[in-house]
1. Mind checking whether some residue in the range 190-205 is under 20 Å from the mean Cα position of the chain (by Cα), touching a residue at least 24 places away in the same chain (Cβ under 8 Å) and surrounded by 13 or more Cβ atoms within 10 Å (Cβ to Cβ)?
2. Check the range 113-127 and report whether any residue there is part of a helix (DSSP H, G or I), among the β-branched types (V, I, T) and surrounded by 15 or more Cβ atoms within 10 Å (Cβ to Cβ).
3. Which residue, of L182, L93, is farther than 20 Å from I2 by Cβ, within 19 Å of the chain's Cα centre (by Cα), touching a residue at least 12 places away in the same chain (Cβ under 8 Å) and surrounded by 12 or more Cβ atoms within 10 Å (Cβ to Cβ)?
4. Quick one: in the range 24-37, which of the residues that are touching a Ser or Thr at 6+ places or on another chain (Cβ under 8 Å) and touching a residue at least 40 places away in the same chain (Cβ under 8 Å) is surrounded by the most Cβ atoms within 10 Å (Cβ to Cβ)?
5. Would you be able to tell me the number of residues in the range 133-165 that are surrounded by fewer than 17 Cβ atoms within 10 Å (Cβ to Cβ) and β-branched (V, I, T)?
6. Starting from residues that are under 19 Å from S145 (Cα atoms) and of a type in the set (D, E, K, R), keep the ones in the range 86-125 and report whichever is modelled with the lowest pLDDT.
Amino acid sequence: MIISIQYLYWLAGVILAITSVMTLTDKSNPKRWSTGLFWGLFSIAFLVGEQLPPALVGVGVLAMAAIAGCGGVGMGKHHDLPDKARRASAGRLGNKLFIPALAIPLVTVIGAVFLKNVKFGDVALLDPANSTFVSLGIGCLIALSLACWLTRDTPVQAMRESRRLTEALGWALVLPQMLAMLGLLFNDAGVGKAVAHLATAYINLDFRLVAVMVYVLGMALFTVVMGNGFAAFPVMTGGIGVPYWSACTAPTLR
């Protein structure tokens, strides 16, 4: 493929690496060394995570958990524009402020629907397995370009704002990935197969409405049990969603 999702991982890693360097050089942050190390370890996972031994990546994750657990992730001081200047800029731009935000879903839909099957010879334009995510990434880059053009600002300022938002979220920014991995761990442990066995043994999934209700209610139940929907999604999708979809499409494929 021409545009792979790996490029977006590298871009995220570069942004996190820049955030780490900016944090390390911010003397106003009392926890700049531990905070910079936290974001640096996170950036390594995006940049070269696939090339590192899994055990080494696990050590990095444990180190991040230790830093966050000991309160080592802090926030520095950011030089925001005065409220009057921000209001004046917002008044000047008006409804044009919505253009970058609306560009993200628009580009994502165009890419996922109309560009996912585009090929140049035998080479696909977008990553076939992740066309929606790649389109989302392209949409974000286009939105960034539009925002810089509208506000007459530079990508450097965008990086400053990115760092501000990253530090505002703190260690919680890592939670979606951690919780998704928890779901994959449950799925690899056989929880999804157990769910599929119970569902098919006691519930007739030949009716689509019943299958959808089992999936939705199961998602709600596992979200309550696991404490989040990220972990519940792989379990219910692997146990109910994918097998049911395969059963529905198998006659068509034959």
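1. Checked the range 190-205: no residue is under 20 Å from the mean Cα position of the chain (by Cα), touching a residue at least 24 places away in the same chain (Cβ under 8 Å) and surrounded by 13 or more Cβ atoms within 10 Å (Cβ to Cβ).
2. Checked against the condition, which is being part of a helix (DSSP H, G or I), among the β-branched types (V, I, T) and surrounded by 15 or more Cβ atoms within 10 Å (Cβ to Cβ), the range 113-127 yields no hits at all.
3. Residue meeting the stated conditions: L182.
4. Ranking the candidates gives T35 first.
5. 4
6. The first filter runs over the range 86-125 and keeps only residues under 19 Å from S145 (Cα atoms), leaving 89-90, 92-111.
Checking the rest, the ones that are also of a type in the set (D, E, K, R) come to 92, 96.
On the way: R92: 80, K96: 85.
Once the filter is applied, the top-ranked residue is R92.
Here's the yes/no breakdown for (1) in a helix (DSSP H, G or I); (2) of a type in the set (K, R); (3) within 27 Å of A65 (Cβ to Cβ):
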| residue | (1), (2), (3) |
| --- | --- |
| S135 | yes, no, no |
| L144 | yes, no, no |
| W149 | yes, no, no |
| R160 | yes, yes, no |
| A168 | yes, no, yes |
| W171 | yes, no, yes |
| L175 | yes, no, yes |
| A180 | yes, no, yes |
| A196 | yes, no, no |
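Yes/no per residue for (1) assigned to a loop (DSSP other than H, G, I, E, B); (2) buried (at least 18 other Cβ atoms within 10 Å of the Cβ); (3) among the hydroxyl-bearing types (S, T, Y); (4) within 20 Å of the chain's Cα centre (by Cα):
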position	(1), (2), (3), (4)
G13	no, yes, no, yes
G71	yes, no, no, no
H79	yes, no, no, no
L102	no, no, no, yes
G111	no, yes, no, yes
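The values are calculated or read from the model by the stated rules, or taken from the named source; none is laboratory data. What you see is a predicted model, and the numbers here were worked out from it, not measured in a lab. Reconstructed Cβ throughout: ideal geometry from the backbone, glycine too, with neighbour counts over all protein chains shown.
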